[in-house]
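Structure, as structure tokens:
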Amino acid sequence: MSGEHFVGALRRLDDEAELTIVENRLVGGECSYYACMPTKTMLRGVELSSALDRAPGMAPERPDPAGVWEWRDWMTSNWTDDGQVSFLESKRCTLVRGEAHVVRPGVVSIDGEELEYDRLVIATGSRPFVPPGLDGVEVWTNREATSTHEIPESLAILGGGPVGSELAQFFARMGSRVTMIERGDRLLGRVHEDAAAVLADVFREEGIDLRLGVGLDRAEPGITSHLSDGSTVQSERLLVATGRVPYVDGLEAAGVTISRRGVEVDERCRAAENVWAIGDVTGVAQFTHVGKYQARVVAADMCGQAVRADYRAIPAGIFTDPEVGTVGTTEGVSARWELSDTPRTSTYEKPSRAGFVRVFGDPKDRVLVGAVCVGPQATEWLGQLTLAVRSATPIDVLVDTIQPYPTFSEAIFFALQELQGKLSQ
């Protein structure tokens, strides 16, 4: 998706540049077909179903797999990229399908055919990381899990990050017996521990078996997973959600520096002379919105604008139920406000579930530097926190902002008010 976004961004600034995209998979990238879009569509159905259990007067109703799959398949255009191809055509961008390798600066080879370029943007993305110990075992990655038309009777998930967590809740709510295996001592290892604790409680209440602090030693066809604590897990399917690694094959001749995290770039996303890199391949942050942001930076840089990428306020959403939203850093003075103390919570569901907003401030500059929120639609009310961090708006101004009543945004006000008090001590 980053590559297509770059095409649109450059066309807004340069109507004459000759543009070519080389793609060996579906135009639109992993997000459109095997990640963000299908998972959020799948999760929406089970979220609506579960919400009926907390709406007095509403009759509970379980999701119909056929309907869930139909909605998901429609969202992915049945894994065809006609729409994206039409977009490229509308931007007068040539599409070449095939595997590209840089053979020397200024030239790429596409299945044996050479193509010259003046400027190169690398947007090759990433692929799932499959750890050792799984030889001979058929596993799912996010690709199989988001394109399946089956609900396995039992599912073991290796990895407790965002992908593993979202898919665990989906399949559990669809009827699978789900076991999560996470080597770390908690879920969501890169997210604040407060959010992880809330989500773990929800998962346990929904019957998901959490095996935390243990790793996978090996798995055998069947499927039997042997864990580091000596226990075993039997499952019909094994989903590997242990992270992603950048696609960097065939890029060495471009003169770029390749590290463990990917293609190294500077603050303008430059990777070498006349070479830029955007998206997952840079390893900056594996989010589609970061890749799209980098695409705009590169387009502006190519057109001579004085632009620098600023990553202080990268928002991230985990679309479990409740949702988890984060932005910025979790360092500095902090304050937490419970959603249960916010009027909107009682109007949204009964019984109400745990949720919170936790904000982090710089005591010297008295600005917001980060936030973590857990609750219904938390990724939607994360936007104002992202803007506050990016713009370095004084906390006193944020507290002086009128929040609509009754909304979850009021929790942001109360958390900021608590933070303001702490910073004034």
State whether one or more residues within the stretch 294-317 are assigned to a strand (DSSP E or B), touching a residue at least 12 places away in the same chain (Cβ under 8 Å) and of a type outside the set (G, A, S). yes
Restricting to strands (runs of 3 or more DSSP E) lying wholly in the stretch 228-267: which have 2 or more residues that are more than 22 Å from the chain's Cα centre (by Cα) and modelled with pLDDT of 95 or more? 232-234
Hey, which of the helices (runs of 4 or more DSSP H) in the stretch 365-425, taking only ones fully inside, have at least 3 residues that are open to solvent by 30 Å² or more (accessible area, probe 1.4 Å) and either touching a helix residue (DSSP H, G or I) at 6+ places or on another chain (Cβ under 9 Å) or of a type in the set (D, E, K, R) (or both)? 409-423
R143 passes all but one of (1) crowded, with 24+ Cβ neighbours inside 10 Å; (2) in a helix (DSSP H, G or I); (3) of a type outside the set (A, V, I, L, M, F, W, C); which number fails? (1)
Checking G213 against (1) within 25 Å of R353 (Cβ to Cβ); (2) surrounded by fewer than 18 Cβ atoms within 10 Å (Cβ to Cβ), the condition it does not meet: (1)
Are there any pairs, at least 6 apart or on different chains, whose C-beta atoms fall under 6 Å, with the first in the stretch 376-398 and within 18 Å of R366 (Cβ to Cβ) and the second of a type in the set (D, E, K, R) and open to solvent by 30 Å² or more (accessible area, probe 1.4 Å), and if so, which? P394/R366; I395/R366
Of all residues in the stretch 120-139 being more than 30 Å from F6 (Cβ to Cβ) and touching a residue at least 24 places away in the same chain (Cβ under 8 Å), which is most open to solvent (accessible area, probe 1.4 Å)? E138
Residues (on the phi > 0 side of the Ramachandran plot and not in a loop (DSSP other than H, G, I, E, B)) located in the stretch 204-217: none
Failed item, numbered, when D321 is tested on (1) without any contact (Cβ under 8 Å) to a residue 40 or more places away in the chain; (2) assigned to a loop (DSSP other than H, G, I, E, B): (1)
Search result, residues across the stretch 216-260 that are open to solvent by 60 Å² or more (accessible area, probe 1.4 Å) and in contact with a Ser or Thr (Cβ under 7 Å, 6 or more places away or on another chain): D217, T232, Q234, E236, R244, Y247
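Okay, residues lined up against (1) in contact with a Lys or Arg (Cβ under 8 Å, 6 or more places away or on another chain); (2) at positive phi:
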residue	(1), (2)
L339	no, no
T342	no, no
Q377	no, yes
E380	no, no
L387	no, no
R390	yes, no
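The values are calculated or read from the model by the stated rules, or taken from the named source; none is laboratory data. As the structure is a prediction and not an experimental result, all values here were calculated from the model. So basically every Cβ, Gly included, is an ideal-geometry build from the backbone, and we count neighbours across all protein chains shown. These area figures cover heavy atoms from the full protein model, side chains too; ligands, DNA and RNA do not enter into them. Shrake-Rupley method; radii C 1.70, N 1.55, O 1.52, S 1.80 Å.
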